[in-house]
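The values are calculated or read from the model by the stated rules, or taken from the named source; none is laboratory data. Owing to the predicted nature of the structure, the values given are computational and were not obtained by experimental measurement. Glycine gets a Cβ as well: all are built from the backbone with ideal geometry, and neighbour counts include every protein chain shown. To get the accessible areas, we keep the full protein, side chains included, count just its heavy atoms, and leave off ligands, DNA and RNA. Shrake-Rupley method; radii C 1.70, N 1.55, O 1.52, S 1.80 Å.
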Amino acid sequence: MEKRKDWMTNYLKDHNIALTGFMGAGKSTVAKTLSKIFGVKYIETDEMIVQKEGMTINEIFAKFGEPHFRNSETKILEELSETGGCVISCGGGTVMKDENVELLRKNGCIVLLTATPETILERVKDSDERPILKGHKDVDFIGALMKKRRESYENAADIIVPTDEKTIDEVCTDIVDALMDLEAGGDV
Ligand code: S3P
């Protein structure tokens, strides 16, 4: 991990790493772990929105609707595109908007975490914090929404890392290895 650590520390000096993917793909957990390993800031865009609006995501959706939430999301990304040194855990719908993808790319790279609908269901089944899954916590709904979003997720991604049956450490190692390979190819 030492060589990887040097490389990442250097990369993160003036770039961000943004984690994207479906709800329950592991973005928050992996972002927290990466930020700890590399001693950089961990940012959760959902949490920033909650702080700014002074209400939960469920309340924002119920009171103002999804478009309002999506506008807040873009405003946060505008702020983050001016900084480096952050591992950002994005909301599951963030990269559905091209403008958001451009903002994330401006100063960093986009990592897509994937998992099967079955794995996602297992990870989200006990949480009621996601308005989009309210009344839809089943493999069919998750699979259908994932299919609808897949192209946008994949088009936005600089690298794609599957997470099924992997430990958090394994996912983090895969991310760093893939980023180093990408850099070696001169694309990051
Ligand atoms: C959403 C995912 C959520 C949150 C909001 C909408 C989505 O974030 O941003 O509920 O559209 O997929 P997580 O992916 O962190 O659960």
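The magnitude of the dipole of the chain, with charges of +1 and -1 set on the Cβ of Lys/Arg and Asp/Glu and taken from the Cα centre, is near 300 debye. Each other residue within a Cβ distance under 13 Å of T163 adds +1 if Lys or Arg and -1 if Asp or Glu, for a net charge of -4. Residue by residue, the stretch 16-21 carries 3J(HN,Hα) couplings of 10, 10, 10, 9, 10, x Hz when phi is fed to the Karplus relation 6.51 cos²θ - 1.76 cosθ + 1.60 (θ = phi - 60°); x denotes Gly or Pro.
Taking Cα atoms only, the orientation of helix 168-184 departs from the longest principal axis of the chain by about 60 degrees. When a 1.4 Å probe is rolled over the protein heavy atoms, the share of accessible surface on the chain that falls to carbon and sulfur comes to 49 percent. Note that the chain carries a Kirkwood radius of 16.8 Å, evaluated over its alpha carbons pair by pair.
From helices alone, the chain scores -18000 deg cm²/dmol at 222 nm; the rule is -39500 (n - 2.57) for each run of n ≥ 4 DSSP H residues, then divide by the residue total.
Taking every protein chain into account, the 1.4 Å probe leaves I37 with about 50 Å² of accessible area, to the nearest ten.
In the chain, the longest principal axis of the Cα atoms and the axis of helix 27-38 are about 30 degrees apart.
Along the charge dipole of the chain, which of G143, G91, T116 sits closest to the positive end, that is, farthest toward it, with unit charges on the beta carbon of Lys, Arg, Asp and Glu (+1, +1, -1, -1)? With unit charges placed on the Cβ atoms, the residue in question is G91.
Within the listed set M146, M23, M48, the residue fluctuating most in the Gaussian network model of the chain (springs between alpha-carbon atoms under 10 angstrom) is M48. How many lysine pairs are close in the stretch 41-146, with Cα atoms under 29 Å apart and the two 8 or more places apart or on different chains? Eligible lysine pairs with Cα atoms under 29 Å apart amount to 26.
Backbone amide hydrogens, once placed in the peptide plane, bring K166 within less than 5 Å of nothing, excluding anything fewer than 5 places away on its chain. Relative contact order for the stretch 72-169: 35 percent, from Cα pairs under 8 Å spaced at least 6 residues apart, divided by residue count. Looking at the chain, the accessible area is 51 square angstrom per residue; that uses a 1.4 Å probe and ignores ligands, DNA and RNA.
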